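Enquirer: First the structure, which I've put down as structure tokens, then a few questions once you've had a look.
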Amino acid sequence: MPSRIIARGIEAVLGDLGEFRVEGILTDLSRDSESRLKNMDTDVIIVDPVVFDYASRASARGRISANSDAAVVLLNILPQDDEALRQYDNSISIYDAPVTIVKKLRDAIASREEITEPEGPDLSVREKEILVCVAKGMLNKEIADYYNISIHTVITHRKNITRKTGIKTIAGLTVYALLNNLIDSGSVGLL
């Protein structure tokens, strides 16, 4: 969120209600911010569309989903068209009552959990390859370049891996890869 005042206000409202805790505030989606986003273990991400330039707002959700499996909620400050609103799990307004904001965040998380219920552990050969790369800390672009596939294909494989395993975090996927003998501890720099 570019506005520290709004970000701190939301943080205070959520803190007062005690149900959610703010893990971090990103003021842009630079490469550094995307890296931080990947390492956050969050349930929901609130996005101010001002973070994106006008041309990339239509693909905002895709950029976030490439780095996190959290529910994504739009902070609706400026008028948005229906297409823009549809890409998010829910939206909140700075004019919403605190209990309404919490309810909308809970609903967004619940709708996301329905989507990511584990299907079963049977990963395809390619999904296992992608999982190994993720566990080794490779970025989507690096994986795409390595296998000579599009970044969108990598994202689709990652979504399938999450859906099948029910695991949303990189740390969790790394443990999964270790426990299923897809990698050894030396591959991820573990002692």
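Enquirer: Hey, does the stretch 25-39 have a residue that's open to solvent by less than 70 Å² (accessible area, probe 1.4 Å), assigned to a loop (DSSP other than H, G, I, E, B) and at pLDDT 80 or above?
Expert: no
Enquirer: Conditions first: (1) modelled with pLDDT of 85 or more; (2) surrounded by 13 or more Cβ atoms within 10 Å (Cβ to Cβ). Residue 125 passes all but one, so which condition is the exception?
Expert: Only one criterion is unmet by residue 125, namely (2).
The values are calculated or read from the model by the stated rules, or taken from the named source; none is laboratory data. Keep in mind that what you see is a predicted model, and the values were worked out from it rather than measured. Positions of Cβ are generated from backbone atoms using ideal geometry, with glycine treated the same way; all protein chains shown enter the neighbour counts. Protein only, heavy atoms only, side chains kept; ligands, DNA and RNA dropped before computing areas. Shrake-Rupley method; radii C 1.70, N 1.55, O 1.52, S 1.80 Å.
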